[in-house]
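Here's the structure, in structure tokens; my notes come after.
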Amino acid sequence: MNPFAGLMKGLPRRLLPLLYLIPIAYVLQPILWTALDGRFYNFFHSKRPVAPWTEVAVVGIDRATRSEVFGRPVFPLSRHVPEHSKIIRELGDAGARAVVFDLEMGADAYAEPPVELAESMTAAGNVFLVMSLGEERLTTGSGDAVVLRPQRYPDSLLVAASQGAYVVDVDADADGIVRRFFPDRRLTRLGLQTLPERLSGIKRDDPMPIEFPSVDTRVPTVSYRDALAGNIPEGAVDGRIALIGLIEDPLTDFVDVPRRQKLGGGVEAFGQSGVVVLSAITETLIRGAPIRDAGWLTTLLWNVLWCVVCIIAIPRKRPELAAFVVLGVIGAAVVATGFLHAQADLVLPAGLLLGCLFLVGSHAIVTSYVHTAKELHAEEVENERVHKEMETARRTQEGFLPDEIPTVEGLDIWGTNVSSLAVSGDYFDVLDLGEGRPIVFTIADVSGKGLPASLLMSNVQAGLHCHVFQDSFDLQKTAENLNRLVYRNTEVGKFITMFLAEIDKVTHRLRYVRAGHDAPIIVSSDGADRLLEEGTCMLGFLDEADCEVAEIDLAAGEVLCLYTDGITEAGDPGANEFGIEGITEVLKKHRSESAEAIGKALIDAVWAFTGLEDQADDVTIVILKVAA
């Protein structure tokens, strides 16, 4: 069978849960997965290499500037008109293509109109100011409404002298971290524009992931103090947008960002001053917004793809393995998503993907567990049924064995069968044909074991009984007929070894046919031993077989032992076999005891030799002892 066809069999039914599990994951996104999206975003963004900054530079009002340049009181920073007027000229001389004051230059910051500063702005012709908006809730006749209104607006004299004031409000995600630049369409209705869009000349209609600086690749920064003194490194601001703002003051102006930043003075943190964030947004826009969010359709297809991979990979059985597979697929999906973010500039919501895989994987694991439990239950039911059938077969087979051994004066006969499975492929029988007729006894062993061997042996037992109780019973013809019965009713390779014999009750003359069976052992009263090795081929090996009959007289006190190969081939932990020597030794040692005692001693010796509780093969023994 084609493995791929086997894999695809039943796949549509296995994929059906996606129709409701993925929508559930999307519904739960604001509650469970959004926070994970942010964490994954932070991690992946921190692995993304950052290109050198070429469009912006920061002129930072650092601690040295505040302590050495600005007179008291330092705040508000916009009140230092002479310094701001001069730095505009210095930056212009250094080649800055635009100067941005990320400071609140409201009219309340000046005791007198900032004429000098306005003149410097007018002369430069490339100065931009910032403003902030606020939301107000108004109650009208139609209900409550939220409107935007300018709050921190620069002095009108400065606005007229500059290129205008532009919005710099940056929205953060629910966890307070700024990751994207969110355009506000309400600004258009108010006739307003954001500063990054104005500086870059690019209008955004959808959120844009911001490319933040890294510890190694920082936004070029010049100290306000150095720039005011004319100590601007060559090329530091030439052709760049110079943004002037407060730095190195996390208590006053600090924005949480998704990757580690160097704040100065050897301090690093997941945050940056507002002017650096503003410069990063501006440069990201000018670069053409290299990082992009995947659209909803791309995101959906990505999530469905990994969910399908998860379902295909999960085994329908073994829930423990299914759990490891789910974890492996989740790991691979997260790595692939992170690669796309860090190297291919495509942002996919990894938290939502994890949520989809969690629900799909959990459902698949539970399904695997239920499926496995059902199969195990079905196997238990089937095993119980088979066990009952085997018990029935065992009881039926026990009916084929003699219920009791005939008692004959001058002969002590005992036999037993110990099966290695529920049913045996061994057989023995002892039959008294009546007054003036002999005792017929036999032992046989079917190739193989278990139920098939038992069924074949039951046919042999039936055939034997049909012959034995006829007045015309003949040992040789019976053996030959049994050979044809086995040959014609079994597959090739199946055969039976048998020792079939009759003994005269008075003379103790033994006549026998040995059809390939292990040679019986005779031990005399003085301890001498010999084997009955005369015989022909096994029953069922050939269609026609001449079964020769041999004869021998048994003397008083002699012990005849019939056995199957379960005795001789019984092995100890060192792979040594019990063998004929082991049987002979036990017979000699216990030859003066009864047939039953000899047989049980032989079985005990075998168990002691193997050291096992369960034997590997069927064991059958028949002991015949002539009275002394």
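The values are calculated or read from the model by the stated rules, or taken from the named source; none is laboratory data. Computed from a predicted structure; not experimentally measured. Methodologically, a virtual Cβ is constructed for each residue, glycine included, from the backbone with ideal geometry; neighbour enumeration extends over all protein chains shown.
Points to keep in mind about this one:
- Any chance residue 237 is modelled with pLDDT of 95 or more and in the same structural domain as residue 77 (by TED's automatic domain parsing): yes
- The conditions of being modelled with pLDDT under 80 and either surrounded by 10 or more Cβ atoms within 10 Å (Cβ to Cβ) or assigned to a helix (DSSP H, G or I) (or both) are met by residue 398.
- Only residues that are touching a strand residue (DSSP E or B) at 6+ places or on another chain (Cβ under 6 Å), at pLDDT 90 or above and of a type in the set (Lys, Arg) were counted in the range 259-279, giving 1.
- Scope the range 573-593; condition touching a residue at least 24 places away in the same chain (Cβ under 8 Å) and either closer than 14 Å to residue 609 by Cβ or assigned to a helix (DSSP H, G or I) (or both); matching residues: 573, 578, 580, 582, 583, 584, 587, 588
- Some residue of the range 362-371 being surrounded by 12 or more Cβ atoms within 10 Å (Cβ to Cβ) and touching a Leu at 6+ places or on another chain (Cβ under 8 Å): yes
- Scanning the range 238-262 for residues that are charged (D, E, K, R) and closer than 11 Å to residue 274 by Cβ, we see that the one that is surrounded by the most Cβ atoms within 10 Å (Cβ to Cβ) is 253.
- Filter result (over 12 Å from residue 412 (Cβ atoms) and under 60 Å from the mean Cα position of the chain (by Cα)) within the range 583-597: 583, 584, 585, 586
- Some residue of the range 65-77 being under 60 Å from the mean Cα position of the chain (by Cα) and polar (S, T, N, Q): yes
- Scanning the range 549-572 for residues that are β-branched (Val, Ile, Thr) and part of a helix (DSSP H, G or I), we see that the one that is surrounded by the most Cβ atoms within 10 Å (Cβ to Cβ) is 567.
- Of the strands (runs of 3 or more DSSP E) lying entirely inside the range 440-548, those containing at least 1 residues that are of a type in the set (Val, Ile, Thr) are 496-503, 509-515, 521-523.
- Qualifying positions in the range 64-91 - under 15 Å from residue 110 (Cβ atoms) and part of a helix (DSSP H, G or I): 77, 78, 79, 81, 82, 83, 84, 85
- You will find that of 70, 75, 40, 4, the residue that is of a type outside the set (Val, Ile, Thr) and modelled with pLDDT of 95 or more is 40 and no other.
- Selection of the range 189-234 for residues being touching a Leu at 6+ places or on another chain (Cβ under 9 Å), outside any helix (DSSP H, G or I) and hydroxyl-bearing (Ser, Thr, Tyr) yields only 194.
- Qualifying residue in the range 344-359 (condition: farther than 19 Å from residue 312 by Cβ, outside the structural domain of residue 259 (by TED's automatic domain parsing), part of a helix (DSSP H, G or I) and free of Cβ contacts under 8 Å to residues at least 12 places away in the same chain): yes
- Among the residues making up the range 278-331, those that are among the hydrophobic types (A, V, I, L, M, F, W, C) and in a loop (DSSP other than H, G, I, E, B) are 289, 291, 294, 314.
- Count of the range 163-188 residues which are among the charged types (D, E, K, R), within 30 Å of residue 32 (Cβ to Cβ) and not in a loop (DSSP other than H, G, I, E, B): 1
- Listed by first and then second residue, the pairs linking a residue in the range 382-395 that is surrounded by 11 or more Cβ atoms within 10 Å (Cβ to Cβ) to a residue that is at pLDDT 70 or above and not in a helix (DSSP H, G or I), with Cβ atoms under 9 Å apart and 6 or more places separating them unless they lie on different chains, are 394/419.
- Extreme residue, surrounded by the fewest Cβ atoms within 10 Å (Cβ to Cβ), among residues of the range 263-272 that are free of Cβ contacts under 8 Å to residues at least 60 places away in the same chain and under 41 Å from the mean Cα position of the chain (by Cα): 268
- Comparison of 294, 344 shows that the only residue that is within 25 Å of residue 205 (Cα to Cα) and loosely packed, with under 15 Cβ neighbours inside 10 Å is 344.
- Residue within the range 445-466 that is over 21 Å from residue 416 (Cα atoms) and hydroxyl-bearing (Ser, Thr, Tyr) present: no
- The residues of the range 150-162 that are of a type in the set (Gly, Ala, Ser) and not in a loop (DSSP other than H, G, I, E, B), listed by number, are 156, 160, 161.
- Candidates 558, 593, 585, 548 - the one that is at pLDDT below 90 and charged (D, E, K, R): 548
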